[in-house]
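All remarks here apply to the structure that follows.
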Amino acid sequence: MSARGGSRIYRLALRCYPRSFREEYGSDMTALIEDQLRDEHPSRVWTRAVVDLLVTIPARHLEVHMNRPPSFVLPALFAGLSTAGVLIVVIGGAGGATLATGSMLAVLSAVLAFMTWRDTRTVAVNGPADRWWQFLAAGLAALGTFVVVTAGEISERVWGLMMVALAVSLALISTAVILGVARLARGREHATR
Amino acid sequence: MHIVLALLEGELHGYGLMRRVAEISDGAVRMGPGTLYGTLNRLVEDGLVEETTDRIERDDNERRRYYRLTGTGRTVALAELERLQSLVHRVANHLTGGSIA
């Protein structure tokens, strides 16, 4: 393999690193490989480079993941799903399957919402709450699809899909409401400081 | 630690640093680019190493970045060197009954 071809493949392999790391050090790493290829036997350089890539790519991703501040989106999403479960029970009536599905969704999501919120409560709400309108738009879009499709005659299979769309839309709209409230609360908190 | 010790003699760029580490470890430690820059990234974040301004222009118009120890980095490196020397000294004394000083 020629040095130029090798460094091109190496540049491609660098895409596996997290973007922030790649943007900061990618060109230096390629330059370093080229320097090594000038001074050492290519087989030694590439063997070392492959082992290095295999070890450090997961390590850099893990570092980025560990350093990421816990997000407020996940607990809000679970809270939204829980609310959707309650709404399914309320709207669906006392039918056995609807009651069981709605209750299970509500309880499980509420537990997950609490567990994920516990991990994030020390972190200031930042960023995700500002995206409440995206959840609202997606939820309204899903709800609109449900309304349009169910207005005509549909098969039982499509009806099942539409129930899923309804649950997703309710979850998204609830999440948007929760994030919106969090944003308002944050704004008020900042105003009182 | 090898990187911090290698930088004790002054600033180095990535490849220079890699060669210096191989040199001071008698070839036992040969780092790949991911290991080198991953470690440098952490050391910079911890305030032990700092990046200096670009010093030389490469043939292909790329620029090398140089790294050097910060004041804290130098203190930590010297303390670690002293700790290792003292450890080796103590162990050697125990193993040979004090014949090696």
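When segment B:12-39 is filtered for residues that are under 10 Å from the mean Cα position of the chain (by Cα) and within 8 Å of chain A (Cβ to nearest Cβ), only B:18 remains. For segment A:1-21, the set of residues classified as free of Cβ contacts under 8 Å to residues at least 40 places away in the same chain and facing another protein chain (nearest Cβ under 10 Å) consists of A:10, A:14, listed by residue number. The condition (being more than 14 Å from every other protein chain (Cβ to nearest Cβ) and at pLDDT below 80) is satisfied by just one residue among A:72, A:78: A:72.
A quick yes/no check of all residues on (1) surrounded by 13 or more Cβ atoms within 10 Å (Cβ to Cβ); (2) within 29 Å of the chain's Cα centre (by Cα); (3) farther than 25 Å from residue A:159 by Cα:
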{"position": "A:19", "(1), (2), (3)": "no, yes, yes"}
{"position": "A:38", "(1), (2), (3)": "no, no, yes"}
{"position": "A:47", "(1), (2), (3)": "no, no, yes"}
{"position": "A:51", "(1), (2), (3)": "yes, no, yes"}
{"position": "A:56", "(1), (2), (3)": "yes, yes, yes"}
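For segment A:25-36, the count of residues that are more than 10 Å from chain B (Cβ to nearest Cβ) and surrounded by fewer than 18 Cβ atoms within 10 Å (Cβ to Cβ) is zero.
Quick grid of which residues meet (1) at pLDDT below 90; (2) surrounded by 12 or more Cβ atoms within 10 Å (Cβ to Cβ); (3) within 15 Å of the chain's Cα centre (by Cα):
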position	(1), (2), (3)
B:64	yes, yes, no
B:69	no, yes, yes
B:75	no, yes, yes
B:80	yes, yes, yes
B:83	no, no, no
B:86	no, no, no
B:95	yes, no, no
B:99	yes, no, no
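Is it fair to say residue A:45 is closer than 15 Å to residue B:18 by Cα and more than 8 Å from every other protein chain (Cβ to nearest Cβ)? Spelling it out, residue A:45 is indeed closer than 15 Å to residue B:18 by Cα and more than 8 Å from every other protein chain (Cβ to nearest Cβ). Residue A:61 falls short on exactly one of the conditions (1) at pLDDT below 85; (2) more than 10 Å from chain B (Cβ to nearest Cβ); (3) touching a Pro at 6+ places or on another chain (Cβ under 9 Å), and that condition is (1). Considered as a group, the residues in segment B:11-36 that are in contact with a Lys or Arg (Cβ under 7 Å, 6 or more places away or on another chain) and part of a loop (DSSP other than H, G, I, E, B) include one that is farthest from residue A:63 (Cα to Cα), and that residue is B:11.
The values are calculated or read from the model by the stated rules, or taken from the named source; none is laboratory data. Here the structure is a predicted model, which is why all the values come from computation and not from measurement. Note that each Cβ is placed from the backbone with ideal geometry, even for glycine, and that neighbours are counted across all protein chains shown.
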